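What follows is a single structure, written as structure tokens, with notes after it.
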Amino acid sequence: MSAIEPIRVGLLGCGTVGTGVLRILQDNASDIRSRLGADIEVRRIAVSNLDKARDPVVPRERLTTDPHAVIDDPDIQVVVEVMGGYEPARTLLLRALAAGKHIVTANKALLARHGAEVFLAADEAKRDVIFEASVGGGIPIIRMLREGLASDRVDTLHAIINGTSNFILTAMAREGRSYGDVLAEAQRRGYAEADPTMDVAGIDAAQKLSILVSIGYGATIPFDAILTEGIDRVSDVDVHFAQSFGYTIKPLAVARAHDDGIEARVHPALIPEGSLLGSVHGVFNAVRVHSHALGPMLFYGQGAGMMPTAASVVSDIIELGRNLQRGTSGRLPHLAFHQQLVPERGLRAHDETRCPYYLRFTVEDEPGVIAGIAGALGHHGISISRMIQEEGGTSRPVQVVIMTHTARHGSVIQALSEIDALPFVLSPTRYLRVEDVQ
């Protein structure tokens, strides 16, 4: 045993991630001791069910159903919150900070909605809140943005940060199956919840993007202000046509710095099939950062699950342990920037975002269709890059698919409103953005 006092930890929650934390602390105890110079000792664990079987086995005297027993324990130095959700997690973390505890949390939803309040309370208490596991599971993207790129300027960020959505779109592309069919499989395999809305509607990714924007740009962008579109708008027909153009469809989170604000959006997008991000399949996550000095970088790995997320949680505990050993806190601003020194930049208007577009029209097979569509697009300053027109038939509608050059989003929406009102258009136009990122 080390002669140095152990770092004493309390857990709020012991579900999937909490169990993973206990396993890593047990399996890697020797390596952790060598890196930290001390042991990490879990003193108390707040759980909802004392009788639940646990692996590794936890002595019953360390378990409690009262989370305040963890917070109020004077010996505990670090409170690890792996409960999830807004409440009671928010109230418990604020109380823990007031009680002089440092915090490790994996709760991206809480930080995306109440992060400002939690960080202010931490500053007032002179305590640290560390949250690597809140975005990207085991991928150390937060630590990289806060420290590794401290000397550089982030220009753009493209991320696949929801494994459920990526699994669904990957299976649709590889197996030619429908969205509904693959979603049902994802639910059977435990990748998607019974109510999958948070994942497939893009809300989970928007929460994570809000955190990344705060750290990457020093800008506070509420997650519910981010342009957010779900993957349920993608059909197997779109996947087929995307492949015809040499693209694959991925669930992207995009952020980009502009002089007039930060562009932030979450949506399915076409990206080149042979690109690095295009090769991120299944439940894996990746974050591509392009910075001023270093250029493009890709961070890839498992973005969820017991052990990847727990690995990030334990790394945060080790970081706090090192600070405690040296009697320091506040070494880094929680969101990487001293906010009073950052020029104020808000969210750029969504209508002003620009990129190429994929447009799929369902139309009658009759003369003048292409001219009508092209005329409306041209009227709004949208030029055509490539086009596919299905062979017509005697009684069925046909698909016309157009790839545009870079276009302003507001102009695209206006043009599609006009086109959808034309008599030969049989259903609302499907559109997807294109990100030609390598």
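The values are calculated or read from the model by the stated rules, or taken from the named source; none is laboratory data. As the structure is a computational prediction, the values presented were derived from the model and not from experiment. Using ideal geometry, Cβ is built from the backbone for each residue, glycine included, and neighbour counts are taken over all protein chains shown. Ligands, DNA and RNA are stripped out before the accessible areas are found, and what is left, the full protein with its side chains, is counted by its heavy atoms. Shrake-Rupley method; radii C 1.70, N 1.55, O 1.52, S 1.80 Å.
Looking at the stretch 45-136 only, what percent of DSSP beta bridges run antiparallel? Nearest 5 please.
0
Once you order the gyration tensor axes a ≥ b ≥ c over the Cα atoms, which shape class does the stretch 1-40 get: rounded for a/c under 1.5, otherwise prolate or oblate by comparing a/b with b/c?
The shape class here is oblate.
Relative to the longest principal axis of the C-alpha atoms of the chain, give the angle of the C-alpha long axis of helix 179-188, reported between 0 and 90° and rounded to the nearest 10°.
Once rounded, the angle reads 20 degrees.
Of the options Pro88, Val129, Ala46, report the single residue whose Cα projects farthest towards the positive end of the charge dipole of the stretch 43-157 (beta-carbon charges: Lys, Arg +1; Asp, Glu -1).
Ala46
What FRET efficiency comes out for Asp31 versus Ser151 if R0 is 30 angstrom and r is the Cβ-Cβ distance? Round to the nearest 0.05. Let's see the in-between values first.
Numbers: r = 30 Å, r/R0 = 0.99.
So, using R0 = 30 Å, E works out to roughly 0.50.
Cβ neighbours within 10 Å, averaged per peptide: list 141-154, 165-178 in order, most packed at the top.
Most protected by this proxy first, the peptides run 165-178, 141-154.
Accessible area per residue of the stretch 1-105 at 1.4 Å probe, in Å²?
I get 47 Å² per residue for this part.
Place a point 7 Å from Cα of Asp72 in the direction of its Cβ. Which residues in the stretch 9-43 have their backbone N less than 19 Å from it?
Inside the label zone: 9-13, 43.
Please work out the C-alpha center-to-center distance from the stretch 219-268 to the stretch 104-169 and express it in whole Å.
19
Counting Lys +1, Arg +1, Asp -1, Glu -1, what net charge surrounds Ala121 among other residues with beta carbon under 14 Å of its beta carbon?
0
Rounded if a/c is under 1.5, else prolate if a/b beats b/c, else oblate: with a ≥ b ≥ c from the C-alpha gyration tensor eigenvalues square-rooted, which is the stretch 301-438? Before the final figure, lay out the partial values.
On the way: a/c = 4.69, a/b = 2.49, b/c = 1.89.
Because a/c hits 1.5 or more and a/b exceeds b/c, the stretch 301-438 counts as prolate.
Using Cα springs under 10 Å in a Gaussian network model of the chain, which residue among His267, His158, His114 shows the largest mean-square fluctuation?
Of His267, His158, His114, the Gaussian network model singles out His114 as fluctuating most.
Given contacts defined as C-alpha pairs under 8 Å and at least six residues apart, what's the relative contact order of the stretch 62-174, whole-number percent?
Relative contact order comes out at 19 percent.
Using all alpha carbons of the stretch 17-95, what is the percent of pairwise distances in each 10 Å bin, ordered from the shortest bin to the longest?
Result returned by the calculation: 16, 48, 32, 5.
Rounded to two decimals, what is the ratio between the C-alpha radius of gyration of the chain and 2.2 N^0.38 Å?
1.10
Once Rh for the stretch 234-361 is found with the Kirkwood sum over Cα pairs, what is the Stokes-Einstein diffusion coefficient at 10 °C and 1.306 mPa s, in µm²/s? Show your work: numbers first, answer last.
Values: Rh = 18.4 Å.
This corresponds to a translational diffusion coefficient of 86 µm²/s.
What percent does the relative contact order of the stretch 145-258 come to when contacts are Cα pairs within less than 8 Å and at least six residues apart?
Details: 133 pairs, mean separation 46.7, N = 114.
Averaging sequence separation for qualifying contacts and normalising by length gives 41 percent for the stretch 145-258.
Could you state the angle between the C-alpha long axis of helix 16-27 and the longest principal axis of the C-alpha atoms of the chain, as a value from 0 to 90 degrees rounded to the nearest 10?
On a 0 to 90 degree scale, this one is about 50.
When a/c is below 1.5 the answer is rounded, else prolate if a/b is larger than b/c, else oblate, so apply that to the stretch 216-256 with a ≥ b ≥ c taken from the square roots of the Cα gyration tensor eigenvalues.
oblate
Averaging sequence separations of C-alpha pairs under 8 Å and six or more residues apart, then dividing by the length of the chain, give the relative contact order as a whole percent. If you can, show how the numbers build up before the last one.
Values: 891 pairs, mean separation 70.0, N = 438.
Taking the mean separation of contacting Cα pairs over the length of the chain, I get 16 percent.
At a 1.4 Å probe, what is the % contribution of carbon and sulfur to the accessible area of the chain?
Here carbon and sulfur together make up 50 percent of the probe-accessible area.
Can you order the peptides 5-14, 351-360, 209-218 by their average number of other Cβ atoms within 10 Å per residue, highest first?
Ranking the peptides 5-14, 351-360, 209-218 by packing returns 209-218, 5-14, 351-360.
Compute a Gaussian network model of the chain, connecting alpha carbons closer than 10 Å, and tell me which residue from Val400, Val104, Val79 fluctuates the most.
Ranking Val400, Val104, Val79 by mean-square fluctuation puts Val400 first.
Relative to the first principal axis of the alpha-carbon coordinates of the chain, what is the inclination of helix 409-420, with its axis defined by its Cα atoms, in degrees from 0 to 90 and to the nearest 10?
40
Restricting the count to DSSP beta bridges whose residues both fall in the chain, what percent are antiparallel, rounded to a multiple of 5?
Of the beta bridges lying entirely in the chain, close to 70 percent run antiparallel.
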